[in-house]
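Single-structure report; data block below.
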C-alpha cells in the first residue's frame, strides 16, 4: 500500500504537522521534520489496521512544505 504523507511547517507555532488522506484520522505534530517522520512510521501501521483493516507492507511517501516570507530589500 502506498500512502502520501503531507508535512507542513507552521511558522506561528514553530512545529511540523503531518496529515494523510490515505489514513483517516492521521494528524501528528513535532518540533522537527525528522522526529515527525519517525512518529508517522510508528503510527501508520496501527492507523491503517484500525481504519482499513490493512496489515500488509506500507510505502510512505513524505512531502514536506515550509513557506518562508522574505522582507523586501531596501
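Any read-out appearing in this document is the output of simple, stated calculations on the displayed coordinates, not a laboratory observation. Just so we're clear, the structure is a prediction, and the values are computed from it rather than from any experiment.
Miscellaneous remarks
- Counted residue by residue at 0.36 nm each, then reduced by the alpha carbon distance between them, the extension gain from residue 41 to residue 8 reaches 10.2 nm.
- The helix-only estimate of mean residue ellipticity at 222 nm for the chain, built from DSSP H runs of length n ≥ 4 each weighted as -39500 (n - 2.57), is -9500 deg cm²/dmol after division by the residue total.
- Distance between the range 42-74 and the range 15-29 - C-alpha centres, whole angstrom: 6 Å
- With contacts taken as Cα pairs under 8 Å and at least 6 residues apart, the range 2-65 reaches a relative contact order of 40 percent.
- Given (1) 59; (2) 54; (3) 44, the label whose value is percent of Cα pairs over 15 Å apart derived from this model: (2)
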